[in-house]
Amino acid sequence: AQIKEVEFVKSSSRPKDCPKDDRPEFAILGRSNVGKSSLINALVRKKEVALTSKKPGKTQLINHFLVNKSWYIVDLPGYGFAKAPESARMDWSAFTKGYFLNRATLVAVLLLIDASVPPQKIDLDCANWLGRNNIPMTFVFTKCDKMKGGKGKRPDENIKNFQVMMGQNYGKHPPWIMTSSVTGLGRDELLLHMSQLRNY
Ligand code: GDP
């Protein structure tokens with residue numbers, strides 16, 4: 001399940017410009033500042049692999065990284081940047097939704113959720129939207145090393161609350177993994193999980 005080689009392939013500004021081969025892919029999605037770049041870099045054990053622009057309002061791109069010449073990690077624009085103008089958020093929706101609904105090779109979305117803060121409405125909205133559209137997802141909780149999070153809740157309490165709030169809409173929870181890019185928690189579990197979903 002280990003990552004031996006990662007190669008940046010391309011940035012696409014439209015879903016239809018994405019690579020056209022049949023290799024399976026995992027899309028990584030989450031709020032700005034959730035720890036996405038840190039997680040991708042921890043997974044591949046390299047610095048500065050993720051190329052996503054962190055600034056709102058910049059061109060939104062779908063970035064494909066080919067792993068071990070056999071599957072893709074796809075870095076999607078972050079959502080919910082507090083300072084993003086409404087128009088930028090709308091663009092994100094149409095653009096990213098188009099990708100999710102039309103990408104046949106998408107194995108699963110890794111939805112990153114910051115475990116150091118209480119459940120955020122925008123994350124729940126995103127998870128619910130993916131669920132309603134039958135898009136397979138795995139919850140990847142980030143920053144689980146933080147002993148105390150926002151409003152004094154610990155990561156495990158925040159995670160439990162998130163699951164409960166999701167459970168009000170869904171009988172079956174998506175798989176979930178606790179991670180930390182600081183301690184390396186969950187790294188191997190996540191790699192194994194992805195290899196099981198790919199069937200090799
Ligand atoms: P991105 O905007 O989602 O790509 O987020 P970054 O990877 O740039 O991380 C945002 C901030 O959270 C940075 O200050 C990171 O150092 C911090 N961060 C990211 N992952 C972790 C983690 O696992 N634990 C802790 N304690 N901080 C983290």
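Just to be sure, is LYS4 exposed (fewer than 15 other Cβ atoms within 10 Å of the Cβ), modelled with pLDDT of 90 or more and either part of a strand (DSSP E or B) or more than 16 Å from the ligand (Cβ to nearest atom) (or both)?
no
Can you find even one residue in region 43-50 that is within 15 Å of the ligand (Cβ to nearest atom), buried (at least 19 other Cβ atoms within 10 Å of the Cβ) and at pLDDT 85 or above?
Yes - at least one qualifying residue is present in region 43-50.
Please go through region 8-42 and pick out each residue that is within 8 Å of the ligand (Cβ to nearest atom), touching a Gly at 6+ places or on another chain (Cβ under 6 Å) and not in a loop (DSSP other than H, G, I, E, B).
Matches in region 8-42: ARG31, LYS36.
Report every pair of residues separated by at least 6 positions or lying on different chains whose Cβ atoms are under 6 Å apart, first residue within region 134-147 and near the ligand (Cβ under 10 Å from one of its atoms), second in a strand (DSSP E or B).
If the second residue must be in a strand (DSSP E or B), the pairs left are PHE141/ILE113; PHE141/MET178; THR142/LEU112; THR142/ASP114; LYS143/ASP114; CYS144/MET178.
What are the residue pairs meeting all of these: first residue in region 184-200, first residue surrounded by 12 or more Cβ atoms within 10 Å (Cβ to Cβ) and outside any helix (DSSP H, G or I), second residue modelled with pLDDT of 95 or more and hydroxyl-bearing (Ser, Thr, Tyr), Cβ atoms under 6 Å, and 6 or more apart or on different chains?
Filtered contacts from region 184-200: LEU185/THR179; GLY186/THR179.
Kindly check whether there is at least one residue in region 67-83 that is modelled with pLDDT under 60, within 13 Å of the ligand (Cβ to nearest atom), closer than 20 Å to ALA108 by Cα and crowded, with 20+ Cβ neighbours inside 10 Å.
Within region 67-83 (the criterion being modelled with pLDDT under 60, within 13 Å of the ligand (Cβ to nearest atom), closer than 20 Å to ALA108 by Cα and crowded, with 20+ Cβ neighbours inside 10 Å), the answer is no, since none of the residues qualifies.
The values are calculated or read from the model by the stated rules, or taken from the named source; none is laboratory data. What you see is a predicted model; the values in this text were computed from it and never measured. Here the Cβ is made from the backbone with ideal geometry for all residues, glycine too, and neighbour counts use every protein chain on show.
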